[in-house]
Amino acid sequence: MSFRLKPVGEQTIVLTGASSGIGLATARALAEHGATLVLVARNQDALDALAAECRAKGARALAIGADVGRYEDLERVARRTIETLGGFDTWINNAGVTIYGTCEQVPLKDQHRLFDTNYWGVVYGSLIAARHLRERGGKLVNTGSVLSDRALILQGPYSASKHAVKAYTDALRMELEESGAPVSVTLIKPSAIDTPYMEHARSYLASLGTKNPPPSYDPRLVAKAIVYACETHKRDLVVGFGGWAASALGQVAPRLTDLIMEAGGRALQESPNPGRPQRRDNLYAAREDGAERSSLPGGRLTSSLLLEAQLHPAVTALILLGAGAGAGAWLARNRRMRPGAKVSP
């Protein structure tokens, strides 16, 4: 890309799924950077509270209740943003829902609804954003998942939707670049993140609740990646080594990965803890929002070396070069000191 993205503090940013989890953490991070925010979700009360919080930090914020699975809702978001704020510089497609259950258990109606949000919501937002950004330049950020690359047992429809998001994002990125459009596109791929995701899920499992396969990461790490993507030309960003490792293993040893997931998938995702009942099942309508993290036990990792390596590639390259040079020097020294080794005069 030959054009320059604005600093976050100078941008107007549309953010879907802003009322909880990754979206809420991202909204707060963007507000701290001084961005002008258009906050989108189904829960108007939660959005109004968040907008007031962002304004208290000195940011401008507009709260618009909308269902991303309805094209007309997102058109209304864009229209109101243009009328009120003069347009937007970045559009972040982040809204998502999930269902736990086998592919045969989950009713087709529910699978359609999940795709309305997770896939069609991204398609609608991407098309609306691309149309606007072709004229002024800017950024499109789509939230995918490490499950964009590797399906997970008991989350088949969700995994399929994230595969679709990755394919659509990759195709759109190429087409925008091929046409010379000044639009930068980044796909964010989080690992398991400690958000209300599990409590918001619809579940067909026998267990009372559901949980993340460990390790689980703090949503603020994803927010950090998204803020970085808003002002940086980056193709993909993966948050969390745990999910990346599972995806990588799936690429090099797919059959072994199948067997591992079959053996441990249920134990790693079923839970006797139902979490907060007020949050349960937001597939068709909003439930309790306003929290970045889940109420479930287990903790979360608050740092990711993999993410830092992607955010600071030059520093990472220097460290790796230094480590390689040091290892080479150590090996050479040990060869010279071995008994019987010839030492040059």
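Exposure proxy ranking for VAL252, VAL227, VAL165, based on other Cβ atoms within 10 angstrom of each Cβ and starting from the fewest, stands as VAL252, VAL227, VAL165.
Applying 1/(1 + (r/R0)^6) with R0 = 35 Å to the Cβ-Cβ distance of GLN278 and GLU83 gives a FRET efficiency near 0.50. Between the beta carbons of GLN44 and GLU262, assuming R0 = 45 Å, the FRET efficiency works out to 0.60 to the nearest 0.05.
Between THR302 and THR102, take the C-beta separation as r, use R0 = 35 Å, and let me know the FRET efficiency to the nearest 0.05.
Values: r = 33 Å, r/R0 = 0.95.
In this case the efficiency is close to 0.55.
Extension gain for ALA245-SER179 works out to 20.3 nm (0.36 nm per residue, less the C-alpha to C-alpha distance). For the chain, the longest principal axis of the alpha carbon atoms and the long axis of helix 219-230 meet at an angle near 90°.
Could you tell me how many degrees, from 0 to 90 and to the nearest 10, lie between the Cα long axis of helix 254-269 and the main elongation axis, the longest principal axis, of the Cα atoms of the chain? Value to nearest ten degrees: 60. Only beta bridges with both residues in the chain are counted; by DSSP, about 5 percent of them are antiparallel. Using only side-chain charges placed at the Cβ, +1 for Lys and Arg and -1 for Asp and Glu, the dipole size of the range 86-167 relative to its Cα centre rounds to 220 debye. Just to confirm the number: angle between the C-alpha axis of helix 44-56 and the first principal axis of the chain, 0 to 90 degrees, nearest 10? It works out to around 60 degrees. Counting only aspartates and glutamates at least 8 places from LYS109 when in the same chain, those with an alpha carbon closer than 16 Å to its own are ASP281. Among SER19, SER303, SER148, the largest mean-square fluctuation in a Gaussian network model of the chain (Cα springs under 10 Å) belongs to SER303. Of all trypsin sites (Lys or Arg not before Pro) in the range 185-279, which ones are in loop regions per DSSP and have a Cβ with at most 12 other Cβ atoms within 10 Å? Qualifying residues, ordered by number: ARG235.
Neighbour counting of Cβ atoms within 10 Å sorts the residues ASP289, ASP116, ASP258, fewest neighbours leading, into ASP258, ASP116, ASP289.
Were the residues from ARG131 through GLU10 laid out at 0.36 nm apart, the gain over their Cα-Cα distance would be 41.5 nm. Each of PHE3, PHE88 was scored by other Cβ atoms within 10 Å of its Cβ. Listed from fewest to most, they are PHE3, PHE88.
When the Gaussian network model of the chain links Cα atoms closer than 10 Å, the mean-square fluctuations of GLY265, GLY17, GLY242 top out at GLY265.
Quick check for me: using +1 on Lys/Arg Cβ and -1 on Asp/Glu Cβ, what's the dipole size of the chain about its Cα centre, in debye to the nearest 20?
For this selection, approximately 1220 debye.
Qualifying GluC sites (Glu not before Pro) in the range 44-121, where qualification requires a DSSP coil assignment and no more than 15 other C-beta atoms within 10 Å, comprise GLU104.
Between LEU307, LEU296, LEU127, the residue with the greatest mean-square fluctuation in the GNM of the chain (Cα pairs under 10 Å linked by springs) is LEU127.
Quick note: the coordinates plus some simple rules give every number you see, no bench work behind them. It should be emphasised that the depicted structure is a prediction, and the values quoted were computed from it without experimental measurement. Neighbour counts run over all protein chains shown; Cβ positions are idealised from the backbone, glycine included.
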